[in-house]
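The values are calculated or read from the model by the stated rules, or taken from the named source; none is laboratory data. Just so it is clear, the model here is predicted, and its values are computed rather than measured. As a convention, Cβ positions derive from the backbone with ideal geometry for all residues, glycine included, and neighbour counts pool all protein chains shown. When the accessible area is computed, the model is the full protein with side chains, heavy atoms only, and any ligands, DNA or RNA have been set aside. Shrake-Rupley method; radii C 1.70, N 1.55, O 1.52, S 1.80 Å.
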Amino acid sequence: MLPKITEKKEAEKFAGKMREIELKAKEKEAAASARALGVGYIDLARFPIAPETLALVPKDVAARLKAVCFLNLNDEIRLGAVEPKNSEIGELLYQLQERQRATGALYLISEYSFENAFKLYEALPAIRKIVKGVQITEADLNKFQKEIKGFRDLDQQIKKVQLTDVVTMVIAAALQNNSSDIHIEAEEKEVVIRFRIDGVLTNVAALPHDLWPRIISRVKLLSSLKINVTNRPQDGRFTILLAKDKVDVRVSTIPTAYGESVVMRLLRSAVTGLKFDDLGVRGIANEELKRQVERPNGMIVTTGPTGSGKTTTLYAILTQLNSPDVKIITLEDPVEYKLEGINQSQIDPGKDYTFAKGLRAILRQDPDVVMVGEIRDLETADVAIQAALTGHLVLSTIHTNSAAGAIPRFLSMGAKGFLLAPALNAVIGQRLVRKICPNCKVEDKLDAETLKRVKEILGKLSLKSGYKTDLEKLKFWKGGGCEECGGTGFKGRVGIYEIMVMNKEIEAIILSGSTSEYQMEEVAVKNGMVTMVQDGLLKALEGTTQVEEVFRVAE
C-alpha cells in the first residue's frame, strides 16, 4: 500500500494529465471551429505577447469581447477572439488597422488561450492613455498642406495618397483654404467632396464610389460614431490640437440613396479673437451700437438667416464686455467656441434643459450680461424681456429677414408690446458678403440697369445717416481671379449691417398695436438707419466687396 503523500502526488499527477488531455481536446475543437468559420487559429498559452501590443486593446474591452491583440509587427496586426464572428470584433479589428495603419487578420482562440493572455494585463501600468478611434495630428496636416497648392489642386493630389490618408488630406486642404464646412457625398457613380468657402459651396474633388465604405468608416472612427449604423442620422465630434490653435470638428451623417452624406463643420477657436471694431459696422451706426452695448440693461438682438454671422457678432460684443468686474453667462445650442472668463452653458432638450428653463436658472446666478443663443418661443421671449427690464443686459438672436422684422416677430410670438418697447435697445440685421481678393482687384464696369438700381438705392440714404454720395461719380471693383483666391475673385468675408436703435417714435408704434415690418423700416430709415443693401453698396464703393455679391446676399 502506497504512503498517503505518494498517493496524493499520484492523484495530482493524474489530474494534471487529464487536465492536459482535456485542454488539448478543447484546442483541437477550437482549431476545427476555426476551419469551419474560415478564420485562422492560434494557441496563445505559450505565445509571447509584447506589453505594447496587448495595450492596443483596453483591458475592459478585452474582458467584454474576450479578445486580445497578440501581434503587431512590420505593418501587420493580429487579433485573437473567442467569438471571431461577433460584429463588434470585426469593428475592433478595423479600428486597430486604421490606428496602426496596418493590415490585419482575425484568429479564433479558445477560452483557455484567452484566460492566459488576459492575465498579462496585470503587468501593464494601471493608468494609461486610451485613444478611441483614430487621431489627426498637426504633423499629418502640415505634411499634406505642403503638397496642396490650393483647393483646386486637391482633386489630383487626393488620388495619390493611401486610402487611410484621404480624410486627413481633405481636412488639411479645408483648413488651408479657410473652409467652414466639408461636404462628402455619395452619388451614383462617385464620391463628391465640396468645401464651403466664404459661404459658397465649391466642388473640390471626386473619388470612385467603391471607396465610399472605407471613407465613411474613417470619418466615423474619427468622430466616435457607430460604423455599423447606416440607416439613421448620427452626430459626433473630434478635436485637432494645433500649436497655436484648436479646431473642433462637428460631424453629421444622414442616410441617402447611394450611401450616407457627411458634413464636417470646422470650428476654430481663433475666430473668437474677433474684436468689436473688426465686425464692419461703420459710421454713426457703429457709435450708436457701442452706446447700446455699454448700457447696463436692456436687450440687443441680432437677426438673419443661418450662416449670416450672428453668433460671431454676439461673441465680439461679449469680448468687448468681458472684464473681471462683469459676470457674463451664455446659454447656447451648442457651445461653438470657448471664451475665457465667460460661463458658457449648453442646452439639452433631452434632459428638459431648454432655453427658457436654462435662462431662468442663469438669472439666479447673479449675472450682469446674459447671452441666449436663440429666442424661439414665447416662454424664452418673456423671460428674456423680464431679464432686460430687471437690470440685465441680454444678447440674443431671432430668425427674421431684417432688423425691422424682429419686432413683429416678437409680437406674433405673443410678447406684450408694453414690455417689449422699454426692454429693447437695438436690433442688428446682418448678412455676410465675400471680400474682393486684393491680389487680383480690378475696376468693375456695371451695366446700365444695375447702375440705375444702385443709384436708386443709394439715393434713399437719409441725411441723418451721415453719408453723402455723389451718384454721378460712382466707381466699383471686382476680383479678376488668381491663384491666391483659387480663381474666384474673392477671399474672406465681411458683414453688412443695419442697426435699428429704439426711439420714442418706434416705441409709440409698438404700443399702438398696429405694427408692420415696412412701417418699422420706414421710421428707422427716416431716423438715420442705413439698410443692409445700402451698407453693402457703400462697402462696394470702398472696394471691399462687389456689387453683384451685395445683391446676391441682401436683395
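Go through (1) open to solvent by less than 50 Å² (accessible area, probe 1.4 Å); (2) closer than 20 Å to V553 by Cα for L451 and report which single condition fails.
Status for L451: all satisfied but (1).
For segment 30-52, how many residues meet the condition of being within 15 Å of K119 (Cβ to Cβ), within 44 Å of the chain's Cα centre (by Cα) and not hydrophobic (A, V, I, L, M, F, W, C)?
1
Output the qualifying pairs, or none if there are none: Cβ atoms under 8 angstrom, residues six or more apart or on different chains, first residue in segment 458-479 and part of a loop (DSSP other than H, G, I, E, B), second residue small (G, A, S).
Filtered contacts from segment 458-479: S462/G528; G466/G283; G466/G528; Y467/G283; L471/G459.
Could you look through segment 162-199, keep only residues that are in contact with a Phe, Trp or Tyr (Cβ under 8 Å, 6 or more places away or on another chain) and either over 23 Å from R237 (Cα atoms) or of a type in the set (G, A, S) (or both), and pick out the one that is surrounded by the fewest Cβ atoms within 10 Å (Cβ to Cβ)?
So the residue we want is E188.
Just name the residue that is farthest from D198 (Cα to Cα) out of those in segment 488-516 that are β-branched (V, I, T) and touching an Asp or Glu at 6+ places or on another chain (Cβ under 7 Å).
V501
Checking I130 against (1) at pLDDT below 75; (2) more than 30 Å from L37 (Cβ to Cβ); (3) hydrophobic (A, V, I, L, M, F, W, C); (4) open to solvent by 20 Å² or more (accessible area, probe 1.4 Å), which test does it fail?
Of (1) at pLDDT below 75; (2) more than 30 Å from L37 (Cβ to Cβ); (3) hydrophobic (A, V, I, L, M, F, W, C); (4) open to solvent by 20 Å² or more (accessible area, probe 1.4 Å), only one is false for I130: (2).
Restricting to segment 206-256, give me the number of residues that are open to solvent by less than 20 Å² (accessible area, probe 1.4 Å) and either of a type in the set (K, R) or free of Cβ contacts under 8 Å to residues at least 12 places away in the same chain (or both).
Of the residues in that region, 3 qualify.
Counting only residues that are among the basic types (K, R) and within 36 Å of the chain's Cα centre (by Cα), which one in segment 76-119 is modelled with the highest pLDDT?
Out of the qualifying residues, it is R78.
Every residue, every condition in (1) over 22 Å from V427 (Cβ atoms); (2) in contact with a strand residue (DSSP E or B) (Cβ under 6 Å, 6 or more places away or on another chain); (3) among the polar types (S, T, N, Q); (4) buried (at least 23 other Cβ atoms within 10 Å of the Cβ), yes or no:
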position	(1), (2), (3), (4)
L339	yes, no, no, no
G350	yes, no, no, no
Y353	yes, no, no, no
R364	yes, no, no, no
V369	no, yes, no, no
R376	no, no, no, no
D382	no, no, no, no
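Going by the conditions given, is A285 of a type outside the set (F, W, Y), in contact (Cβ under 8 Å) with a residue 40 or more places away in the chain and under 24 Å from I407 (Cα atoms)?
Taking the combined requirement at face value, the residue satisfies it.
Can you find, within segment 511-535, the residue that is most open to solvent (accessible area, probe 1.4 Å) among those that are under 16 Å from R431 (Cβ atoms) and assigned to a helix (DSSP H, G or I)?
Result: E521.
Name the residues in segment 57-76 that are in contact with a strand residue (DSSP E or B) (Cβ under 9 Å, 6 or more places away or on another chain), free of Cβ contacts under 8 Å to residues at least 24 places away in the same chain and at positive phi, would you?
Listed by number, the list is empty, since nothing qualifies.
Residues checked against (1) free of Cβ contacts under 8 Å to residues at least 12 places away in the same chain; (2) open to solvent by 30 Å² or more (accessible area, probe 1.4 Å):
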| position | (1), (2) |
| --- | --- |
| R46 | yes, yes |
| A55 | no, yes |
| R78 | no, yes |
| N86 | no, yes |
| I89 | no, no |
| L120 | no, yes |
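Only one of these is more than 27 Å from the chain's Cα centre (by Cα) and within 22 Å of M520 (Cβ to Cβ): L389, L393. Name it.
So the residue among L389, L393 that is more than 27 Å from the chain's Cα centre (by Cα) and within 22 Å of M520 (Cβ to Cβ) is L389.
Exactly one of (1) free of Cβ contacts under 8 Å to residues at least 40 places away in the same chain; (2) open to solvent by 40 Å² or more (accessible area, probe 1.4 Å); (3) within 20 Å of L389 (Cα to Cα) is unmet by V442. Its number?
(3)
Taking L267 as the residue in question, decide whether it is in contact (Cβ under 8 Å) with a residue 12 or more places away in the chain, open to solvent by 80 Å² or more (accessible area, probe 1.4 Å) and in contact with a strand residue (DSSP E or B) (Cβ under 9 Å, 6 or more places away or on another chain).
Here the answer is no, as L267 does not meet what is asked.
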